[in-house]
Amino acid sequence: GNLMKKIFMLLYMLFSCAFSLAAVNINAASPQELEALPGIGPAKAKAIAEYRAQNGAFKSVDELTKVKGIGPAVLAKLKDQASVGAPAAKAPAKP
């Protein structure tokens, strides 16, 4: 199982590097990943995760303003670094 661990760590490192350059998917990110967004600390990250657990996925980044502690000013700071991910239904089919 040691080789599998090494492969997993390598893949994990590759993916975490890729994601740090891409937008943070607010529907898939862990609270730790959400904290990477400007204006989001541990408390707000937790609030986003709890909102998501209760209300389901965000349909747009603008919906973050429904989360306690996140207003238009915070939204404006993080908007270009956050995404809701590509809707699965509209994803192009792989040949």
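The values are calculated or read from the model by the stated rules, or taken from the named source; none is laboratory data. None of these values were measured; they are calculated from a predicted model. Quick reminder, even Gly has a Cβ in these numbers, built from the backbone with ideal geometry, and neighbours come from all protein chains shown.
Can you tell me which residue is surrounded by the most Cβ atoms within 10 Å (Cβ to Cβ) among those in segment 78-95 that are at pLDDT below 90 and among the basic types (K, R)?
Taking segment 78-95 as the starting set, the residues that turn out to be at pLDDT below 90 are 80, 85-95.
Narrowing the set further to residues that are among the basic types (K, R) leaves 90, 94.
Numbers: K90: 6, K94: 4.
Filtering first and then ranking leaves K90.
For the subset of segment 27-53 comprising residues that are among the small types (G, A, S) and under 14 Å from V84 (Cα atoms), which member is surrounded by the fewest Cβ atoms within 10 Å (Cβ to Cβ)?
S30
Tally the residues that are part of a loop (DSSP other than H, G, I, E, B) and surrounded by fewer than 13 Cβ atoms within 10 Å (Cβ to Cβ), restricting the search to segment 54-77.
Of the residues in that region, 5 qualify.
Can you pull out every residue in segment 15-48 that is over 12 Å from L64 (Cβ atoms), among the aliphatic types (A, V, I, L, M) and either assigned to a helix (DSSP H, G or I) or modelled with pLDDT of 95 or more (or both)?
Those that are over 12 Å from L64 (Cβ atoms), among the aliphatic types (A, V, I, L, M) and either assigned to a helix (DSSP H, G or I) or modelled with pLDDT of 95 or more (or both): A18, L21, A43.
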